[in-house]
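Any read-out appearing in this document is the output of simple, stated calculations on the displayed coordinates, not a laboratory observation. Note that this is a predicted model, so its numbers are computed, not measured. Note that each Cβ is placed from the backbone with ideal geometry, even for glycine, and that neighbours are counted across all protein chains shown.
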Amino acid sequence: EDKVVQSPLSLVVHEGDTVTLNCSYEVTNFRSLLWYKQEKKAPTFLFMLTSSGIEKKSGRLSSILDKKELFSILNITATQTGDSAIYLCAVEVIGAGNNRKLIWGLGTSLAVNP
Amino acid sequence: NAGVTQTPKFRVLKTGQSMTLLCAQDMNHEYMYWYRQDPGMGLRLIHYSVGEGTTAKGEVPDGYNVSRLKKQNFLLGLESAAPSQTSVYFCASRNSNQPQHFGDGTRLSIL
């Protein structure tokens, strides 16, 4: 059975800290790994990773994928209170009928205190 | 460009009532999805569509029906609501090789 496991489940840090969120997976027919940020409403897209070892970066956020060890990390440097959210990891797999579907982790709840 | 719009945003139903949730996207996306999100369970796929006129079952389809009569709209129906269907429902859409874009969700309570 395909599964995606995120750790830690929750994290509390102070503004300015650097955090690393983990996402490991066991799936068949891997296609890509995605990170989303969810505040009060819709999950918003952060990164899509398909190749090992290539870092994707957006401001203070960065992410990298290791397809050999089957995990990804999401780094946030110099955290701000606006980074407080649930961070979701999802792995896209190719299923029956060549249809793609996302296998979702449970998320990491990050709280950044001033 | 509104993206993905879900209506209504909130609804309270009594057990046994029926209702339809509407998802509309203005990005000309082929693929559309309905999820439910519950504490400790994460996002679970209810039904999805790979194009106008097509629908398929996801992970938790029982008690729900869907229709995709127009490319921009994906409707989720509850024929006879049950308390176990109390949840936050998200619609998403995408095109090939693109990430899913989500609506703001519908919070549904069934008493």
Which residues qualify? For B:Val66, with a placed amide H closer than 5 Å and at least 5 residues away or on another chain, they are B:Gly77
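Within the range A:37-113, report the GluC sites (Glu not before Pro) that DSSP leaves as loop and that have at most 14 other Cβ atoms within 10 Å. Walk me through the numbers on the way to the answer.
Working: sites: A:Glu39, A:Glu55, A:Glu69, A:Glu92; in loops: A:Glu39, A:Glu55, A:Glu69.
In loop regions of the range A:37-113 (DSSP not H, G, I, E or B), the sparsely surrounded GluC sites (Glu not before Pro) are A:Glu39, A:Glu55, A:Glu69.
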Among B:Met27, B:Met41, B:Met19, residue whose mean-square fluctuation peaks in a GNM of chain B (springs only between Cα atoms under 10 Å): B:Met41
Table column - 3J(HN,Hα) (Hz), the range B:79-91, Karplus curve with 6.51, -1.76, 1.60, x for Gly and Pro: 6, 9, 4, 10, x, 5, 8, 5, 5, 9, 9, 10, 9
So for the pair B:Leu111, B:Ala82, with labels modelled 7 Å out along Cα→Cβ, what separation do we get in nm? 2.1 nm
Per-residue ³J(HN,Hα) for the range A:83-99, Karplus 6.51 cos²θ - 1.76 cosθ + 1.60, θ = phi - 60°, Hz, x for Gly and Pro: 7, 4, 4, 9, 9, 9, 10, 9, 10, 8, 10, 9, x, 4, x, 6, 7
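If you take the square roots of the eigenvalues of the alpha-carbon gyration tensor of chain A and sort them as a ≥ b ≥ c, do you get rounded (a/c under 1.5), prolate (a/b over b/c) or oblate?
Numbers: a/c = 2.14, a/b = 1.78, b/c = 1.21.
Since a/c reaches 1.5 and a/b is larger than b/c, the shape of chain A is classed as prolate.
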Extension reserve of the B:Gln98-B:Lys57 stretch, reckoned as 0.36 nm per residue once the Cα distance is removed: 12.6 nm
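I'd like the antiparallel share, as a percent to the nearest 5, of DSSP beta bridges with both residues in the range B:4-111.
On the way: 35 of 39 bridges.
Counting DSSP beta bridges with both partners in the range B:4-111, the antiparallel share is about 90 percent.
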Between exposed trypsin sites (Lys or Arg not before Pro) in chain A, where DSSP calls loop and at most 10 other Cβ atoms lie within 10 Å, what's the longest gap? A:69-114
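Grab the beta carbon distance between B:Lys70 and A:Glu15, set R0 = 45 Å, and tell me the FRET efficiency rounded to 0.05. List each step's numbers first, then the result.
Working: r = 47 Å, r/R0 = 1.04.
For R0 = 45 Å, the calculated efficiency reads 0.45.
By count of other Cβ within 10 Å, fewest leading, how are B:Val88, A:Val12, A:Val4 ordered?
Working: B:Val88 16, A:Val12 11, A:Val4 22.
Fewest-to-most Cβ neighbours within 10 Å comes out as A:Val12, B:Val88, A:Val4.
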Determine, from the Cβ-Cβ distance of A:Ser52 and B:Ser18 and an R0 of 45 Å, the FRET efficiency 1/(1 + (r/R0)^6), rounded to the nearest 0.05. 0.40
